[in-house]
Structures are given as structure tokens and as C-alpha cells.
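The values are calculated or read from the model by the stated rules, or taken from the named source; none is laboratory data. From a predicted model like this one, the values you see are computed outputs, not experimental measurements. In this analysis, Cβ positions are derived from the backbone assuming ideal geometry, glycine residues included, and neighbour counts consider all displayed protein chains. Side chains included, ligands, DNA and RNA excluded: accessible areas come from the protein's heavy atoms. Shrake-Rupley method; radii C 1.70, N 1.55, O 1.52, S 1.80 Å.
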Amino acid sequence: MATHRAKKRFGQNFLVDDSVIHSLINAIGPQRTDRVLEIGPGLGAMTLPLLARLQQLEVIEIDRDLIARWQARNLEQLIIHQCDALKFDFRNDLSADTNTRPRRLVGNLPYNISTPLIFHILEQAEAVQDMHFMLQKEVVDRLCARCGDRQYGRLAVMVQSRCQTQKLLEIAPESFSPAPKVTSAFVRLEPLSEPMVADTMQSLFAQLVQQAFAQPRKTIANNLREQLSADALRQLDIDPGARPQTISIEQLIRITQQLSMTITE
Ligand code: SAM
């Protein structure tokens, strides 16, 4: 088959280190009948070892040249979706498999779309059993940061209010071709059986969290001065002088509940 030239616009940094690939597949732990969907199979670094372990595998790929290569291989176990993962309906059941169990998502994601893609998937979290993604290490550190950590902020709160997050491995740039400029990390995200925030409060919560972390060096009272008073924060058992970095998800939910009551009063 002709050689494929990596396309920057599709974030193509292909995994080329067999021992790393082996560790990733082991961390995913695919079972034969699992309903796995890979985002961005590329040239198959993870796809082929996954196919060796699964009855069936779905892939979503945006690059027509790569799609053509996969179609030419004519692999019976492989279901190919040619589309943009950002627009994919993960609740659908396009596969020939009529089984509608939640999918396990995996992927060495194009870094330029990784955060919007995670948010797109979290909106459909009930259709997902778990996710194993390769991302920039810096993004994984922010996703997995706990209250009080330097990297704790909007991303950690929005994702952890819906998922458990666990950093699994760090991967050096040389494990990819072409090598990216930054270190990568592999992360596991597991949707909570019950999201911490009710659907009806999601949009208010998202606005509140954005506001709370708008100026991380200022106090929580200052960031939220247009939403509620320092006294109102004290009544919720929250120190108005605290930095947003030290405000837990539970406390942010408490503020949101208070605001939703004020709005509906
Ligand atoms: N999985 C391969 C590997 O590990 O070597 C390729 C990983 S490469 C970082 C990202 C892959 O995602 C490429 O195959 C790229 O074409 C594909 N891709 C980029 N943007 C996409 C999108 N919006 N939807 C689906 N696939 C996309």
C-alpha cells in the first residue's frame, strides 16, 4: 500500500512504539464481546491489536484517504464510520450489531479537538461505558486534578461532575511519528452512574463554574460578585475569601442549587 503522509490538520501523530501500544491495550483490557469504538484509527496502531482481541470493532475516521485504506482491507469484523467524531451521535446504533449496550470508546485523539470532543461525548454519557484516550499530558493533568491542586479548574469540575478520571500512563513524544512537541498521557474516564448535577441544572452549573474560575487568582466572592453576596456564600458554609481552586465540586453544586432557587423565586 502507498505510504501515507501525516496530515497536520487532522492532528495525525501516529503511534509507532510497540511496547507503548501493548501497555495501552492492556490498560483498556478489551473482552471479546465488548462493544468498542475507536476514534481516529489512523494507520491502525491500536486498531489491529484491538481487532485481534474483539469479535467486532467500530471506528470513526475523518480522513478519506485513511478510510479508503481501511475499506480496501475488507475486514469483516470492522465497522467503518466516515465522519467527524465531533458530530457523531454516540447514542445511535449504526452498527450491524443490534446490541445497544453502552460503547467503550478508545482513541489516540487529535489534540486540537480533544476537549470539545470529550464535552460532546459527555452530553451522551449514558451511551458510554468508559473512555480510554491519549491526550496531551497537560490536559490529562487538568482533567484529573483534585480540589486544591494547581491544575484544578473548570475542566476538572465539568468532567469530574460526570466521570471518574484516572491518569494511567505518560508517553514520550518519540513514541509517535511525527513526534508531537509535547508529552502525552493516557487517561481513563468512567461516567458516573448518576451525574452529580441534574440535567435541568446543567446549563446553570456550567455558567456558574465558568464564572467561578474566570479569574483564578481572585477570591470566589469576587468572581461571583454578580451572582451572590459574600454573606450568601457564608450561609452555604463557603469562605468568601477562598480562591476558586480550593472550592470543591460539591460546594459549586450547592451554590448552583441556591442560585436556581433564587431564580425561580
Ligand atoms: N490511532 C492512530 C494512532 O494511534 O497511530 C492515529 C492517531 S492520530 C493522533 C488521530 C487520528 O484521528 C487520525 O487518524 C486522524 O485522521 C483522525 N481524526 C482527526 N480528526 C478527526 C475527527 N474530527 N473525527 C474523526 N477522526 C479524526
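For the chain, what is the charge dipole size about the Cα centre, in debye to the nearest 20, if Lys and Arg each add +1 at the Cβ and Asp and Glu each add -1 at the Cβ?
Roughly 660 debye, rounded to the nearest 20.
Under the definition of Cα pairs under 8 Å and six or more residues apart, what whole-number percent is the relative contact order of the chain?
That works out to 15 percent.
Could you state how much accessible area residue 225 has, in square angstrom rounded to the nearest 10, with a 1.4 Å probe and all protein chains kept in place?
Looks like 150 Å² after rounding.
Leaving out ligands, DNA and RNA, and with a 1.4 Å probe, what % of the accessible surface on the chain is carbon or sulfur?
Ligands and nucleic acids excluded, carbon and sulfur reach 47 percent.
Computed from the mean reciprocal separation of all distinct C-alpha pairs, what Kirkwood hydrodynamic radius does region 199-264 have, in Å?
11.6 Å
Once the Cα gyration tensor of region 133-259 is diagonalised, what are the square roots of 5 times its eigenvalues, in whole Å and ordered largest first, as equivalent ellipsoid semi-axes?
Semi-axis lengths for region 133-259 are 31, 16, 11 Å.
Looking only at the chain, where both bridge partners belong to it, what percent of the DSSP beta bridges are antiparallel (to the nearest 5)?
Antiparallel bridges: around 45 percent, rounded to the nearest 5.
Scanning the chain for helices, which whole DSSP H stretches are 20 Å or more long along the axis (Cα) and average -1.0 or more by Kyte-Doolittle?
249-264
What's the lysine pair count for the chain at a Cα cut-off below 17 Å, pairs eight or more apart or interchain?
Eligible lysine pairs with Cα atoms under 17 Å apart amount to 4.
On average, how much area does the Cα convex hull of the chain cover when viewed from any direction, in nm²?
15.3 nm²
Return the Rg/Rh ratio of region 1-127 with Cα-based radii and a Kirkwood Rh.
0.93
Using alpha-carbon pairs under 8 Å, 6+ residues apart, how would you state the relative contact order of region 199-264 in percent?
Relative contact order here is 37 percent.
I'd like the distance between the alpha-carbon centres of region 2-56 and region 140-211, rounded to an integer number of Å.
22 Å
Would you tally the net charge around residue 192, using a Cβ to Cβ cut-off of less than 11 Å, leaving residue 192 out, and scoring K and R as +1, D and E as -1?
So the environment of residue 192 carries a net charge of -2.
First check a/c for region 96-185, with a ≥ b ≥ c the square roots of the eigenvalues of its C-alpha gyration tensor; if it is under 1.5, answer rounded, and if not, answer prolate when a/b is larger than b/c or oblate otherwise.
Oblate.
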